[in-house]
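Q: Next up is a structure, given as structure tokens.
What follows draws every value from the coordinates through simple rules; no lab data is involved. Fair warning: this is a prediction, and the values are worked out from it, not measured in the lab. Note that we place each Cβ from the backbone using ideal geometry, even for glycine, and neighbour counts take in every protein chain shown.
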């Protein structure tokens, strides 16, 4: 080998760090632009940077935040019917909607809690009225037998 061949080989040899850093820079450029244009968050599990809109980490798949609940008319009707017909469950759904960020979701949560409370009060009042009427009917039927002396 002559000296010119050796010089050519030295110029061709590139260290692995140089290759990996240049590849990383090229691969990171589109993602970096995305991170610059939107806010970012860091995954608490693998510490990878992700976009703020993501519900799951694109690297490890862990859950980053809760998916927002639906505020469609059909879902609202379902929540309100459950609040009225199955009162304790209305508190659970109302609490879930209250924890959401949107004002519409919070209003749905407040309405569900109010409907649940009204439904429970009406149920208790109806139950008390039923028990009182049954008690009065039994007392009326038992009145002739109270003076027998047993």
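Q: Taking the range 76-98 as the region of interest, how many residues are within 22 Å of residue 55 (Cβ to Cβ) and without any contact (Cβ under 8 Å) to a residue 24 or more places away in the chain?
A: Total meeting the criteria: 4.
Q: Also, I was wondering about something else. Please tell me if residue 103 is without any contact (Cβ under 8 Å) to a residue 40 or more places away in the chain and surrounded by 10 or more Cβ atoms within 10 Å (Cβ to Cβ). I'd like the intermediate steps shown before the answer.
A: Numbers: without any contact (Cβ under 8 Å) to a residue 40 or more places away in the chain: yes; surrounded by 10 or more Cβ atoms within 10 Å (Cβ to Cβ): no.
Judged against the criteria, residue 103 is not a match.
Q: Now a separate question. Taking helices (runs of 4 or more DSSP H) that fall entirely within the range 52-150, which contain at least 1 residues that are out of contact with any strand residue (DSSP E or B) (no Cβ under 6 Å at 6 or more places or on another chain) and at positive phi? Spell out the reasoning first.
A: Numbers: elements: 73-85, 87-98, 103-142.
No helices (runs of 4 or more DSSP H) qualify here.
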